[in-house]
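**Q** My questions will all concern the structure given below.
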Amino acid sequence: MANPVLVEVVRGKVVESRHSGALTLFDGDGKTVLNIGDVTRPTYPRSAIKAIQALPFVESGAADAYGFGNEELAMACASHSGEPEHVARAASMLAKAGLSCDDLECGAHWPSDQKVLIEVARSGKEPTALNNNCSGKHAGFLCTCAHMGLKVKGYVQASSQIQTIVRETMQEVTGAVHNADEYGTDGCSIPTYAIGLDAMARGFARMATGTGLAPVRAQAAKRLLDACMAAPFYVAGSRRACTELMELAPGRIFVKTGAEGVFCGAVPELGVGFAMKCDDGTTRAAEIMVTRLLAQLFAKDAELSGKLEARATRRMSNWNGIDFGYIAPSAALVDELKAVSF
């Protein structure tokens, strides 16, 4: 099944590039609200699924044992930009569990944000694992290990105690089997499992509503989503889509990006979860897709919907600051979304 073109890049009056993809929306009862494209095709969720991976961090009692609040819970779900606040928060999380940067097994890389990268380079320092965009998630894993008495060294391995717990949690929340046939290695070295977008959306609908989850898990899910919405800077960072979308409607929107053009999220007040994938892995197109979906979901809130609609078409300019075109939802995506009404 060929996925439809959902985003177009226009230069002058000509469509220069087209991005195809798939999108799905579920309610808390596990019912499909909308499907566009092939939503059952195995897809690696990458970082878009971090909030579900963070459930054991809260369920085990680790977050409470170390006195963590919204910022730390958001960091456990984050793909941050490596800004000073992110690095400091990840370090403090590890310190409270008697651990350090040396215990991180996510690898080191330069911050993805150009401005932050330049600042780190000018300081004369080399990046460490704390700069890794996944250091918060890994700090969450390590704190859970320390609290539960699990082996710390090798915690990124698929066979480790903590990754076994995470995999089982993922299966239970999404309803999708995670086994060797779906296995891959993520950029930060932990296991990632290819599942359908429908399973991802179902999982986030459950996270948002608690439907189908045990009471302890439902409470943990709510705490994690609430924390991300309360401290969105710690989920991503300055000038990042996840942060800006959640700041646009405090406490009403949860979104999380993943590598290769994946986005997942939820709107708790509507009791829905969603997932999408841009086929060519382009983040710019995935950001347009998620923003246009949110504009439709909040159609009855004219002010918020208007702000989201304005963000769903992005003007583009060259190095001289001259506008040359825009990137926007395709007519096909706009038409398909008209079927969604709350």
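The values are calculated or read from the model by the stated rules, or taken from the named source; none is laboratory data. Remember, predicted model here, so these are calculated numbers, not experimental data. Counting neighbours? That spans all protein chains shown, and the Cβs are built from the backbone with ideal geometry, glycine included. Surface areas here come from the heavy atoms of the whole protein model, side chains and all, with no ligands, DNA or RNA. Shrake-Rupley method; radii C 1.70, N 1.55, O 1.52, S 1.80 Å.
**Q** When ligands, DNA and RNA are left out and all protein chains stay put, how many square angstrom of accessible area per residue does the range 5-339 have with a 1.4 Å probe?
**A** Per-residue accessible area for the range 5-339 comes out at 40 Å².
**Q** Moving on. Restricting to DSSP H runs of at least four residues, report the calculated mean residue ellipticity at 222 nm for the chain, -39500 (n - 2.57) per run over all residues, nearest 500 deg cm²/dmol. Walk me through the numbers before you get to the answer.
**A** On the way: 14 runs with 139 residues, N = 342.
When only DSSP H runs of four or more count, the value is -12000 deg cm²/dmol.
**Q** Just to confirm my numbers, what's the Cα centroid distance between the range 159-182 and the range 269-285 in Å?
**A** 22
**Q** Between the helical axis of 161-174 and the dominant principal axis of the chain, each derived from Cα atoms, what acute angle in degrees is found, rounded to the nearest 10?
**A** In the chain, helix 161-174 runs at an angle near 30 degrees to the longest axis.
**Q** Follow-up. Taking the chain as the reference, fit the longest principal axis to its C-alpha atoms, fit the long axis of helix 197-209 to the helix C-alpha atoms, and give the angle between the two in degrees, 0 to 90, nearest 10.
**A** On a 0 to 90 degree scale, this one is about 70.
**Q** Before anything else, pin down the relative contact order of the chain: Cα pairs under 8 Å, at least 6 apart, normalised by residue count, whole percent.
**A** Contact order relative to length: 24 percent.
**Q** Of the listed peptides 50-60, 94-104, what is their order by residue-averaged count of other C-beta atoms within 10 Å, with the highest listed first? Don't skip to the answer; put the middle values down first.
**A** Working: 50-60: 24.6, 94-104: 16.7.
Final packing ranking: 50-60, 94-104.
**Q** Which entries in the list LYS137/LYS338; LYS115/LYS300; LYS115/LYS256 go over 30 Å, if you measure between the two C-alpha atoms of each?
**A** Check vs 30 Å cut-off fails for LYS137/LYS338; LYS115/LYS300.
**Q** Now for a different question. Could you go through the range 217-226 in sequence order and give the Karplus-derived ³J(HN,Hα) for each residue, using 6.51 cos²θ - 1.76 cosθ + 1.60 with θ = phi - 60°, rounded to whole Hz, and x for Gly and Pro?
**A** Listing the rounded values in order: 5, 4, 5, 5, 4, 5, 4, 5, 5, 4 Hz.
**Q** Sticking with this structure for a sec: What's the carbon and sulfur percent of the chain's accessible surface, probe 1.4 angstrom, rounded to a whole number?
**A** Roughly 49 percent of what the probe reaches on the chain is carbon or sulfur.
**Q** Springs between alpha-carbon atoms under 10 Å, Gaussian network over the chain: tell me which of ARG11, ARG41, ARG167 tops the mean-square fluctuations.
**A** ARG11
**Q** In degrees, nearest 10, range 0 to 90: what is the angle between the Cα axis of helix 84-96 and the longest Cα principal axis of the chain?
**A** 30
**Q** No partner Cβ under 4.7 angstrom, meaning no disulfide-compatible partner by this rule: which Cys of the chain qualify?
**A** CYS77, CYS101, CYS143, CYS145, CYS228, CYS242, CYS264, CYS278 - these cysteines have no disulfide-compatible partner (Cβ-Cβ under 4.7 Å) in the chain.
**Q** Enumerate the calculated ³J(HN,Hα) couplings along the range 119-130 in order (Karplus 6.51 cos²θ - 1.76 cosθ + 1.60, θ = phi - 60°), each rounded to whole Hz, writing x wherever the residue is Gly or Pro.
**A** 5, 5, 4, 5, 6, x, 9, 8, x, 10, 5, 5
**Q** Can you work out ³J(HN,Hα) from phi for every residue in the range 72-82, in order, using Karplus 6.51 cos²θ - 1.76 cosθ + 1.60 and θ = phi - 60°, giving whole Hz and x for Gly and Pro?
**A** Each residue's phi maps through the Karplus curve to give 5, 5, 5, 4, 5, 9, 8, 10, 7, 8, x Hz.
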